[in-house]
Amino acid sequence: MKLSRRDWLRSTAAAPALARASGAPAAGGVRPRGRIFEGEALREIAFPLGGLGTGTVSLGGYGNLRDWEIFNRPNKGGILPFTFGAMRLSGGGLKRPLIRVLERRPLPPYQGGFGLHREQAVGLPHFSGAVFEGAYPFANIGFQDDQVPAMVSLEAFNPMIPLDTANSSLPAAVLTYRLVSKAPAPLDVTVAFSAINPVGYDGKSLLSGTLADRNRPFFGANVNEYRRDGDIHGLLFSSRKYQPDSPRHGSFALATRGGDISYRLTWEQGDWWDDFHLWYDEFLTAGRFLGGSPAPSPDGLTNYATLASHFTLDPGQSRSVNFVLSWHFPVVENYDPAALPHARTMRNWYGGRWPSAWEPAAYLMRNLDTLRDRSLRYRDALHGSTLPPSVIDAVSSQASIMRTNTVMVGEGKVVFAFEGCADHEGSCPMNCTHVYNYEQSLAHLYPDLERSMRELDFLMNMRADGSMSFRTPVPPVPGGNRNHPAADGQMGCVLKVYREWRICGDDAWLRRLWPEVKRALEYAWVKWDADRDGVMEGEQHNTYDINFYGPNSMMGTLYLGALAAASRMAAHLGEAETARSYDELRAAGAAKLDRLLWNGEYFVQKVDESAPAARKYQYGDGCLSDQLLGQWFAEVVGLGRLLPREHIRAALASVFRHNFRNGFEGFPNLQRIFATGDESGLLLCSWPRGKRPPLPFVYCDEVWTGIEYQVAAHLIYEGMVKEGVAIVDAVRARYDGVKRNPWNEIELGHHYARAMSSWSLLTAYSGFSYSAPSRELSFHPRQPRGVFRTLFTAGSAWGVYSHDFTLKGLRAELRVEEGDLEIATLSLPFQGSLARVECRAPHSAVRDSEGLRVAFRPLCTLPGGSTLTLAAYPE
């Protein structure tokens with residue numbers, strides 16, 4: 001199964017429809033930059049819009065806003081009543097004004113004993129069709145309706161710029177509606193956006209269902225104000241009912257810019273459905289709104305308001321209207337039942353940056369062109385790469401996880417991250433070390449935030465005995481919680497410190513953590529490797545929520561990777577003897593682990609039968625998909641192979657051969673079901689030689705996308721590109737908009753953090769590696785011939801690398817989009833004997849085992865906006 005056949009060919013067929021609907025050129029013009037959906041595939045789409053640590057509101061496939069998760073908690077299915085965009089057209093040859101909600105009409109089934117939800121304005125005229133294009137962080141919708149004398153489209157995004165954490169953490173969503181007139185005469189247009197004042201709502205669905213109207217006991221003293229800042233017009237929604245230390249305290253804003261503006265601060269009230277009737281009549285007949293006064297609402301009641309932009313389009317003329325929706329809820333409810341009474345609330349980082357929702361809305365509106373352009377350059381750098389379409393889609397879509405309520409950013413710019421999101425609360429707090437072993441997206445896009453997690457791990461969660469709390473309590477306390485340590489999480493954290501230091505190159509940061517890093521590593525000699533032979537034998541708690549007993553390569557390769565990373569860090573810090581001892585133990589452990597666990601096809605577990613608890617939840621002779629987890633991490637951070645190459649490749653081939661299923665019909669799964677029917681996916685484990693335990697480790701028959709991406713990336717690292725891409729194709733085919741939301745991969749909840757292993761697909765396919773301490777940069781694509789192009793992020797800079805590699809030689813270009821990149825050596829693919837290298841920067845070049853190695857003396861420094869070109873020719 002190939003997604004390029006099943007999904008992207010369909011996307012290509014839909015592209016002209018999107019272009020026609022949006023007024024953009026089709027064939028021969030601007031190509032779509034993302035995955036395209038229409039018809040039934042619109043149903044499950046919920047595209048998160050929001051900043052890092054701010055919460056999100058999602059754009060539905062129809063153009064509707066859904067899952068309002070801006071109140072410091074998940075809120076799946078949550079809506080804000082009468083919060084929608086609409087347009088009114090008159091003139092232009094129309095006999096009467098024409099109204100459309102700026103959404104496609106919903107698809108059936110139409111369920112519920114009381115009809116469709118009127119509070120979502122479903123009863124007003126909608127567009128008959130829509131085509132949705134998603135290339136995170138941008139979504140574009142082309143609306144379709146033959147009765148409308150204009151082409152209408154929507155672009156939605158929140159600024160997302162690699163390495164710029166502040167501008168990627170704005171609590172806002174930008175909605176840009178674009179109209180192109182098809183009328184034969186001037187067309188009068190009103191584009192209006194209405195919203196409820198939501199302040200007082202805590203974001204949880206109510207016992208009676210979702211928030212359906214403005215009458216609720218938590219409302220009261222809600223105030224809607226008109227604001228103007230130069231040519232920025234808007235509405236600020238607040239409440240005087242709650243004190244600043246309450247989680248219900250906050251504000252919401254709606255802003256637009258320039259032009260002829262009207263607004264209504266409060267919809268007229270009455271019995272039954274009078275307010276919506278009166279609003280519609282005013283919109284239809286007058287097309288304008290008459291202001292109002294900012295009076296507080298009675299207790300138990302809030303208000304709706306509307307902001308509108310008015311203009312005239314001549315035939316063929318186009319115009320865009322920008323709306324910014326912004327929020328500010330600075331106090332977070334700590335709903336962990338173990339939280340102490342004094343710790344029932346905490347403050348988020350973004351809330352401390354702004355006094356209300358108005359200021360980020362105005363900031364974003366003033367800087368919209370710049371922030372949009374910078375975000376577009378990131379989008380285009382990724383989606384303009386030559387990586388397989390499913391790989392680009394996986395990398396792009398799962399970067400959205402870090403912007404959902406899975407990842408909170410607390411006061412002081414410290415990350416507190418759940419594993420995922422339940423419908424109305426976070427799932428499994430916080431910073432679970434073994435789940436975040438897989439996450440690579442945040443580390444490479446926003447390394448400052450990732451470093452805050454390591455500081456919690458090593459400067460707060462370490463205990464006197466050298467063990468580490470594998471979850472971070474909120475607020476953090478010395479030693480973390482009282483739970484047992486996790487073998488995979490603790491060894492993985494050593495690898496993650498190496499990764500963070502390698503990305504930032506900050507020796508002072510490394511020195512601050514280094515004493516605790518050594519204690520964490522050497523705790524293995526107390527708990528898991530008491531005989532110090534380099535192989536873990538003891539009770540090993542792990543990411544499957546059980547303990548493995550006896551040697552296994554999943555824990556074993558993480559241990560070997562931690563020893564290798566610690567050896568390099570020790571050597572850099574001048575601790576030669578420590579570095580030597582770690583490296584000798586690594587070498588001995590690697591030899592013993594390979595000898596002990598290699599069965600000729602893959603690595604197995606030698607179950608410690610003497611442990612009473614080992615009677616169940618082990619895998620023994622099974623083929624575990626995660627069996628080389630530490631080796632995958634070692635590839636990501638440039639440590640090289642920890643075990644013999646031929647055994648690594650054979651084991652990965654066995655994982656693909658035995659664990660990847662094309663279809664689950666007839667497969668008995670008594671655990672959680674993440675793939676079914678004719679879908680394809682990678683099982684966590686199989687027993688191709690028999691001897692499946694009566695009660696194997698829990699989850700073994702499940703399919704987890706984070707492990708699928710990890711294995712796929714590792715296959716690609718080892719040159720098995722076809723197999724790796726097949727796994728990625730399978731994941732993205734399951735998340736197709738019909739069956740599941742492409743921007744919400746699930747495991748223990750929504751937006752599960754493990755899926756951010758997808759970033760390693762980019763590093764694997766591109767062969768990218770950068771070490772800030774040594775300033776060594778490498779690109780060795782796994783399919784190097786021909787034209788190649790990829791996004792890269794390198795800690796202090798990001799940009800695009802491209803080359804054209806033929807028998808005639810290599811022509812390469814390295815463009816830095818933003819930041820400053822220092823390069824001492826550059827390693828690129830090359831074949832044959834080297835004749836000469838052309839490059840304007842002072843350099844020397846040699847041919848080595850990997851290809852071409854170019855050394856720059858002095859350092860080659862590339863500031864943002866600059867490009868380095870290089871050509872190499874064979875003899």
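The values are calculated or read from the model by the stated rules, or taken from the named source; none is laboratory data. All figures in this text were calculated on a predicted structure; none of them were measured in a lab. Backbone-built Cβ (ideal geometry, glycine too); neighbour counts: all protein chains shown. Each accessible area value is taken on the protein alone, full model and side chains, heavy atoms only, with ligands, DNA and RNA left out. Shrake-Rupley method; radii C 1.70, N 1.55, O 1.52, S 1.80 Å.
Things worth noting here:
- For the range 591-613, filtered to residues that are in a helix (DSSP H, G or I) and open to solvent by less than 10 Å² (accessible area, probe 1.4 Å), the residue that is nearest to TYR699 (Cα to Cα) is LEU597.
- Condition broken by TYR280, with the remaining ones in (1) at pLDDT 95 or above; (2) assigned to a loop (DSSP other than H, G, I, E, B); (3) within 29 Å of GLY112 (Cβ to Cβ) satisfied: (2)
- Hits in the range 614-623 - residues which are open to solvent by 60 Å² or more (accessible area, probe 1.4 Å) and either at pLDDT below 95 or not in a loop (DSSP other than H, G, I, E, B) (or both): ARG615
- Within the range 815-870, the set of residues being at pLDDT below 95, open to solvent by less than 60 Å² (accessible area, probe 1.4 Å) and either aromatic (Phe, Trp, Tyr) or farther than 25 Å from GLN783 by Cα (or both) comprises PHE830, ALA841.
- Looking at ARG657, ARG649, ARG641, ARG661, just one residue is modelled with pLDDT of 95 or more and in a strand (DSSP E or B), and that residue is ARG661.
- Test set (1) under 18 Å from HIS444 (Cα atoms); (2) at pLDDT 95 or above; (3) not acidic (Asp, Glu) - GLY795 fails condition number: (2)
- Unmet requirement for LYS616, which otherwise passes all of (1) over 30 Å from the mean Cα position of the chain (by Cα); (2) within 30 Å of ARG740 (Cβ to Cβ): (2)
- Among the residues of this structure, ARG105 counts as one that is modelled with pLDDT of 95 or more, surrounded by fewer than 24 Cβ atoms within 10 Å (Cβ to Cβ), closer than 30 Å to ARG734 by Cα and among the charged types (D, E, K, R).
- Residues that are free of Cβ contacts under 8 Å to residues at least 40 places away in the same chain and assigned to a strand (DSSP E or B), drawn from the range 769-826: GLY786, PHE792, TYR801, SER802, HIS803, ASP804, PHE805, THR806
- Candidates VAL191, VAL223, VAL180, VAL152 - the one that is closer than 29 Å to VAL332 by Cβ and assigned to a strand (DSSP E or B): VAL223
- Residues satisfying the stated conditions in the range 436-462, i.e. open to solvent by 30 Å² or more (accessible area, probe 1.4 Å) and in contact with a helix residue (DSSP H, G or I) (Cβ under 9 Å, 6 or more places away or on another chain): ASP448, ARG451, GLU455, LEU459
- Flag if ALA579 is open to solvent by less than 20 Å² (accessible area, probe 1.4 Å), in contact (Cβ under 8 Å) with a residue 24 or more places away in the chain and not in a strand (DSSP E or B): no
- Single residue of LYS527, LYS518 found to be open to solvent by 60 Å² or more (accessible area, probe 1.4 Å), farther than 29 Å from GLY724 by Cα and in contact (Cβ under 8 Å) with a residue 40 or more places away in the chain: LYS527
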